[in-house]
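Visitor: Got a structure for you, questions after.
Just so you know, all these numbers are worked out from the coordinates, no wet-lab data involved. It should be emphasised that the depicted structure is a prediction, and the values quoted were computed from it without experimental measurement. When we count neighbours, we look across all protein chains shown, and the Cβ atoms used for this are built from the backbone with ideal geometry, even at glycine.
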Amino acid sequence: MIVIKNNAARSIIRAAVPFIVLPSLAVAGTMMFDKSRHLLISLIAAAAAVVLFAAGFDKKKIGARRMVICAVMIALAFVGRFIPFLNPITAMAVITGIYMGSEAGFLVGSMSAVLSNFYFGQGPWTVFQMLAWGLIGFIAGAMAKPLKKNMALLLTYGALSGVFYSLIMDVWTVLWYSRGFDLKMYGAAIVSAIPYTVNYAVSNVVFLIFLFTPFGDKLERVRVKYGI
C-alpha cells in the first residue's frame, strides 16, 4: 500500500489528479492516440486514481482498510451495472465519498468505470467516464456534512450528477466526431442526449433513496470501529 506523508505533495496530488491529469488524459486519449492505445490511457488514468487515493491518508494501516471498503463498493457497482436502464456507479461513488472521503469517492467512481468496461467495452470514452464518476464522488466527499444531514440536498446532488455526467460524455462525443471542440455540435449533442440525461438523473435518485441509509449506516459503523 502506497503512503504519501508529505503534506505539500498530498495537496498537489489532490488538486492535480482530478482537475488536471485525468482531464488531460481524456482529451489526449480522444484526440492524439489510435484505438490500440485506449486501454493504455485508461490504465494510466487508473494508476493516477490510486495515487490520489493514497494521498488521502498518512498511515498504511488506515489506507489498507479504506482500500478493502473501496474494493467492495467497486465490486457492487460493477455488478449493479448489469441492471437494465439503471446504473448504480454514481450512487456508490457518492456514498463512498461522503463516508470515506473525497479520494475514496474518486477511486470508486473511476475504477468502477474502467473495470466494468472490460466487459462493456473499452475505448476513448472510458477515461471520460472515469473523470465524470470520479469527480462526482470527489465532490460528494467535499460536501459530506450537508449531504449527510439533508436528504433533499442529497437527491438534488444525485440528479445534478446525472446531468453533469451527461455533459462530460457529450464533450467526448464532440471531440471524437469532429476531432476538435465545436460549440454548435456540443449543443446538438446535449439536446440529443436529453433522454439519457433524464435516465441518469432518475437512476441516481432511485439508487440513493434505497441505498444511502443502509450503506451509509454500515460504512459509518466500520469507519468508527476501525478508526478510518
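Visitor: Most exposed first by the Cβ proxy, i.e. fewest other Cβ within 10 Å, how do MET100, MET31, MET67 rank?
Guide: Ordered from fewest to most neighbouring Cβ atoms within 10 Å, MET100, MET31, MET67 come out as MET31, MET67, MET100.
Visitor: While we're looking at this one, here's another question. Looking only at TRP125, TRP176, TRP133, which one moves most when the chain is put into a Gaussian network model with springs between Cα atoms under 10 Å?
Guide: In the Gaussian network model the winner is TRP176.
Visitor: A further question on this structure: Given the chain reduced to its alpha-carbon atoms as identical point scatterers, what log10 I(q)/I(0) does the Debye formula return at q = 0.07 Å⁻¹?
Guide: With no solvent term, the Cα-only Debye profile gives -0.21.
Visitor: Can you give the FRET efficiency to the nearest 0.05 for ALA16 and VAL163, using r as the Cβ-Cβ distance and R₀ = 35 Å?
Guide: Approximately 0.85, to the nearest 0.05.
Visitor: Output the relative contact order of segment 105-228, whole-number percent, from Cα pairs under 8 angstrom with separation of 6+ residues.
Guide: Relative contact order, segment 105-228: 23 percent.
Visitor: Could you identify which residue out of GLY123, GLY141, GLY97 has the top mean-square fluctuation in a GNM of the chain using Cα springs shorter than 10 Å?
Guide: Between GLY123, GLY141, GLY97, it is GLY123 that shows the largest mean-square fluctuation.
Visitor: Grab the beta carbon distance between LEU86 and ALA8, set R0 = 41 Å, and tell me the FRET efficiency rounded to 0.05.
Guide: 0.45
Visitor: Okay, helix-only estimate at 222 nm for the chain: each DSSP H run of n ≥ 4 adds -39500 (n - 2.57), divide by all residues, round to 500 deg cm²/dmol; what do you get?
Guide: Mean residue ellipticity, 222 nm, calculated: -27000 deg cm²/dmol.
Visitor: Follow-up question, since we're still on this one. Assign unit charges at the C-beta atoms only (+1 for Lys and Arg, -1 for Asp and Glu), then state the dipole size of the chain relative to its Cα centre in Debye, rounded to the nearest 20.
Guide: 840 debye
Visitor: Between THR213 and LYS148, 0.36 nm times their residue separation minus their Cα-Cα distance comes to what?
Guide: Extra length available between THR213 and LYS148 comes to 22.4 nm.
Visitor: Treat the count of other C-beta atoms within 10 Å as a stand-in for reagent exposure and order SER102, SER192 from fewest to most.
Guide: By the 10 Å Cβ count, ascending, the order reads SER192, SER102.
Visitor: Would you work out which of PHE181, LEU160, GLY227 lies farthest towards the positive end of the dipole of segment 159-228? Charges go on Cβ: Lys and Arg +1, Asp and Glu -1.
Guide: It is GLY227, whose Cα lies furthest towards the positive end.
Visitor: Follow-up. Along the Cα→Cβ direction, 7 angstrom out, place labels at PHE120 and VAL198. What is the inter-label distance in nm?
Guide: Result for the modelled spin labels: 2.1 nm.
Visitor: Let me test this: with uniform point scatterers at the alpha carbons of segment 111-211, what is the Debye-based log₁₀ I(q)/I(0) at q = 0.15, 0.16, 0.17, 0.22 1/Å?
Guide: -0.68, -0.76, -0.85, -1.20
Visitor: From the residues ALA49, VAL198, HIS38, which one has its Cα farthest along the dipole of the chain in the positive direction, the dipole being from +1 and -1 charges on Cβ of Lys/Arg and Asp/Glu about the Cα centre?
Guide: In the chain, that residue is ALA49.
Visitor: Distance between the C-alpha centers of segment 53-102 and segment 157-193? Whole Å please.
Guide: So the two Cα centres are separated by 26 Å.
Visitor: Okay, moving on. Using the number of other C-beta atoms within 10 angstrom as an exposure proxy, rank ILE228, ILE98 with the fewest first.
Guide: ILE228, ILE98
Visitor: Rounded to whole Å, give me the distance from the Cα center of segment 213-228 to that of segment 126-146.
Guide: Here the two parts' Cα centres lie 20 Å apart.
Visitor: Turning to a different aspect of this structure: Please build a GNM for the chain, connecting alpha carbons under 10 Å apart, and tell me which residue among ARG66, ARG179, ARG14 fluctuates the most.
Guide: The residue with the greatest mean-square fluctuation here is ARG179.
Visitor: Once phi is turned into θ = phi - 60°, what whole-Hz ³J(HN,Hα) does the Karplus curve with 6.51, -1.76 and 1.60 give for every residue of segment 88-94, x standing for Gly and Pro?
Guide: Coupling constants for segment 88-94: x, 4, 4, 4, 5, 5, 5 Hz.
Visitor: A follow-up question, please. Taking the Cα centre of segment 103-189 as origin, sum charge times position over the Cβ atoms of Lys and Arg (+1) and Asp and Glu (-1), and report the length of that vector in debye to the nearest 20.
Guide: 240 debye
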